[in-house]
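To start, the structure itself, in structure tokens.
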Amino acid sequence: MRERRSTCRARPGSLRCASMRYSLVVLAATLVCALAIALLASASADADVFGSISLRSASPFQQVEYAHDPAISGDGRYVVFDGSIGGVTGVWRRENIPGGELVQVAGGNAELPSISENGQYVSFTTNEGDKLAEITNGLPDLNEAREAPNVYVRDMSKSPTEEGAFALASALSYEYPTEASRAFDETHFGSEAAGRTALSADGQKVVFVTTAVSNLDGPETPPLQVAVHDFGTGKTELVSVGYDSASGRPAVNQQSGQPEPVQIQHEGSSIYGSVYTHGGPPIFEPPTQVYALPSEIGASISADGSTVAWMGQDIDEQARMLSEESALPQYGEPLWRRIVGANGEPSEESATRRVTGGSDPADPQCAANPERLLPTQASAQDPCQGPFAVEPQSGVWGGGVGETVPRLSADGYTVAFLASAPLIASGTFGGGLTGHHSDAYVVDMHEGLSRAQALTPLTELASGEESRIATNAPILNLGISPDGTQVAFTTKRTVFPLGSPTYVSAPAAVPGLNELFEVDLTDDTLTRVTHGYEGGASEHPHQALSTGEEDEYKKEDDGALAPSFSNNGGVLAFSSTASNLVYGDGNTPPLGSEADDGSDVFVVNRVLPEATLAAQYVSSAPGVSLTPAWSLGVTAVSLDDGELLLYVNVPGAGTLSAGVSSAVPVRSSARSSHSVRRGRRAARQRAASVHTHTVASATRHTAVDGGGELTTLLLKLAPSYRALAAQKGGLSGLADLSFTAPGHETLRQSLAVSFIRVAPKKAAARQPRITRKARPRARARHAAR
């Protein structure tokens, strides 16, 4: 039932909801009968409750100077993070018990860790790979040698100096075409992995993104590719493959017979590839004491190693779109690909799918009534329309504030992500489609669902005032539990207007630090997790508010970040700069200090109520008729080619007819009676008159038995009126529909419609797609430093 409720909530005006409501009534009556004969044992359906918060970025002897980017093992036994303790930097692993052991995983510039289910394996990125055994010694890093950043995995069952303790996942060779910047490029571009979700549960698969030209798919493979290394087979697989629209499968290079990587596109000085960036491969930045959002680049792999998700660009080169639809290279949208089939074998023929977007060509209703392009005016009733209203230059992710990496459930079928584009069903408060702050969503990627049916919004802007922190602060980042039933996110926002999930916590009086929130998709509630040990909001020393200021803390990412769940969602790890979450937090910089961090890693346990036997009160059966109403519903969509598409909800089998009448100008000629006089010239006067004519009509027979089904009717203007659709404002008219069926009264409905032909827009200038033969002359230049 959850899918239907989410569908009607995401598309409140949908004609499909009529049949869903009927099904719900039938189900309600069935439940009344079932409940009347039994008393059921049930757990509380209240919001999740969390216990006291515990500090984990400390040893039994001292607290870290700072700790960032935590990840918790699936069994909840270990927490890893990057940070500095006693002046020693790197990635650390802490046992998740009071007084638990704190061990250095990798020294020096290692950062952004992910951890296996049992805590034995930890992945990370560093540009000191050759010296890892030497600098992982619990001492300050004195190594001055640097190399290309790469992704490694540490086996914690072995000492740092033992053979096999560190394994290179991104075992590639890189090319740096620009001689002038080679010294810089060689230590700042290579491969990187996102924190928290770059490692499979067994520690054998690692997903990463290339930031330099490499040999990943043969010589001179462009940068910004997503790849997975499997330590079990020793192979590295290209994940971000091109899309062949003719076959619906990954594009194959005719010379090598291998999947074709996504080629980079040049837009001025910017470079765009398969993974979202701000205009070029990001520079590897060693961890510093400055607390901020993690790297903008990366991908997630599901715990079972079957699925990869990433925020994509150059979407029309990677996934299916409408036949004449194209997106600018910088258009951002989350992408998803299965790399392992149901039989556990590699699935190289699996194409990349769009998680969500502005169009939905995979919707069966769209496939049955394909559109070349979306109409200029978006309509939620159009099955080819996706959930979001987007612009070609921005997409679902318009470059807002927040992390871009989607997060996956253990089986890969549930995706949590951020989006800055507005939902069509929600509107834009009278504003445009860009410039909005991000909101959180989850999507079900199982087959058979439209993108609107699959989408569940978790948050929504509460006003059109983008500068208001309480109602419109961005959602910064998120995490999802392995079973896909819980989502955690961080934000300064205090107002959550959605009724589902229901916000059940006491809101903060004023916006402050970023707080951690948790959504339980099972009981449909939203709970604030973080609070001071005395019960108030998260805090640390700060300057008092000036007159008219709403935000006490000036840094947008100050407060809680990087939520990470254990297997059953029972333990939640996160980082925060707050100084009042745990009594005795001692690394907070004093007010006025130049240091601006003092962040720590914390864990909090979910408290599950005991199941209790509760008496059930059963009300009388609802006094509603279970017979569906004999009614007609219709929505009209004006297509850009001047045609009109009617989506009609018919109640059963019968004949559907429609005609459109319009008052159109007609040029006529008539001889004036006064002009036919002797001595005067006979003249033909031409006059323009307006007459109402039937300009389009269509008929369709339906064979629907149960009713409540959506059917379509395409209306085309008669040839003599087609030119009028191209005039300013198009051709308006009145559509009259009738539906006849034996034994039923004839249903009639009228609505105003318009035929509008939109002149095709000139395509934006794009560099020619780089082919394998052309690569030597079109090597990527890195973005401006």
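Annotations
- Sequence-separation-based contact order of segment 428-524, relative, with Cα cut under 8 Å and 6+ spacing, percent: 24
- Distance between the pseudo-spin-label points of residue 726 and residue 630 (7 Å out from Cα toward the beta carbon): 4.6 nm.
- Stretched out straight at 0.36 nm per residue, the stretch from residue 348 to residue 718 would grow longer than its current Cα-Cα span by 128.4 nm.
- Extension gain, residue 256 to residue 142: 0.36 nm times the residue separation minus the Cα-Cα distance gives 36.5 nm.
- Shape descriptor for segment 271-401: Rg over Rh equals 1.02 (Cα atoms; Rh from the Kirkwood inverse mean 1/r).
- The order of the peptides 247-259, 579-591 by mean Cβ neighbours within 10 Å, most packed first, is 579-591, 247-259.
- Calculated FRET efficiency for the pair residue 522/residue 270, C-beta based, R₀ 41 Å, to 0.05: 0.40
- Between segment 570-589 and segment 174-190, the alpha-carbon centres lie 39 Å apart.
- Between residue 118 and residue 483, the modelled labels are 2.3 nm apart [label points 7 Å from Cα along Cα→Cβ].
- Summing charges over all other residues whose Cβ lies under 12 Å from the Cβ of residue 276, with Lys and Arg as +1 and Asp and Glu as -1, gives -4.
- Computed on segment 327-459, with alpha-carbon pairs under 8 angstrom and 6+ residues apart, the relative contact order is 24 percent.
- At an R0 of 45 angstrom, the distance between the Cβ atoms of residue 740 and residue 372 translates into a FRET efficiency of 0.90.
- Between residue 130 and residue 692, full extension at 0.36 nm per residue minus the direct alpha carbon distance yields a gain of 194.1 nm.
- Peptide packing: for 71-77, 127-133, 383-389, the average count of neighbouring Cβ atoms within 10 Å per residue gives the ranking 383-389, 71-77, 127-133, highest mean first.
- Panel note: the C-alpha atoms of segment 346-486, placed on their principal axes, show extents of 45, 39, 23 Å (largest first).
- Segment 347-371-segment 58-76 distance, computed between alpha-carbon centres (Å): 42
- Pairwise label distance in nanometres, residue 61 with residue 180, each label 7 Å out on the Cα-Cβ vector: 5.1
- Those aspartates and glutamates that a straight Cα-Cα span of less than 13 Å connects to residue 716, excepting residues fewer than 8 apart in one chain: 640, 641, 643
- Phi-derived couplings, Karplus 6.51 cos²θ - 1.76 cosθ + 1.60 at θ = phi - 60°, listed residue by residue for segment 205-214: 10, 10, 9, 8, 10, 7, 10, 9, 4, 9 Hz, with x used for Gly and Pro.
- In terms of distances greater than 25 angstrom between alpha carbons, the cross-link table entries 205/555; 205/492; 131/205 yield 205/555; 205/492.
- Scalar couplings 3J(HN,Hα) for segment 319-336, obtained by applying the Karplus form with A = 6.51, B = -1.76, C = 1.60 to θ = phi - 60°, are 9, 6, 10, 4, 4, 10, 8, 9, 10, 5, x, 7, 4, x, 7, x, 10, 8 Hz; x denotes Gly and Pro.
- Whether segment 466-514 is rounded, prolate or oblate, judged on the alpha carbon gyration tensor where a/c under 1.5 counts as rounded: prolate
- Distant-in-sequence amide contacts of residue 214, defined by a placed amide H-H separation under 5 Å and a gap of 5 or more residues or a different chain, comprise 175, 220, 221.
- Centre separation in Å (Cα based) which lies between segment 515-538 and segment 381-406: 28
- Evaluated at q = 0.14, 0.18 Å⁻¹: base-10 log I(q)/I(0), Debye formula over Cα of segment 445-584: -0.68, -1.07
- Here's how it looks for residue 191: its modeled amide H is under 5 Å from those of 150, 211, which are all 5 or more places away or on a different chain.
- Debye-formula intensities of segment 286-329, expressed as log10 I(q)/I(0) at q = 0.20, 0.26, 0.27, 0.29 Å⁻¹, are -0.83, -0.96, -0.98, -1.03 (one equal scatterer per alpha-carbon, no solvent).
- Cβ-based net charge around residue 130, under 12 Å, with every Lys or Arg adding one and every Asp or Glu removing one: -1
- Each residue of segment 265-282 was assigned a 3J(HN,Hα) from its phi angle through the Karplus expression (A = 6.51, B = -1.76, C = 1.60, θ = phi - 60°), giving 10, 9, 10, x, 8, 9, 10, 10, x, 6, 10, 5, 9, 8, x, x, x, x Hz with x at Gly and Pro.
Each reported figure results from applying straightforward, stated rules to the coordinates on display, with no laboratory input. None of these values were measured; they are calculated from a predicted model. All Cβ positions, even for glycine, are placed from backbone atoms using ideal geometry, and neighbour counts span all protein chains on display.
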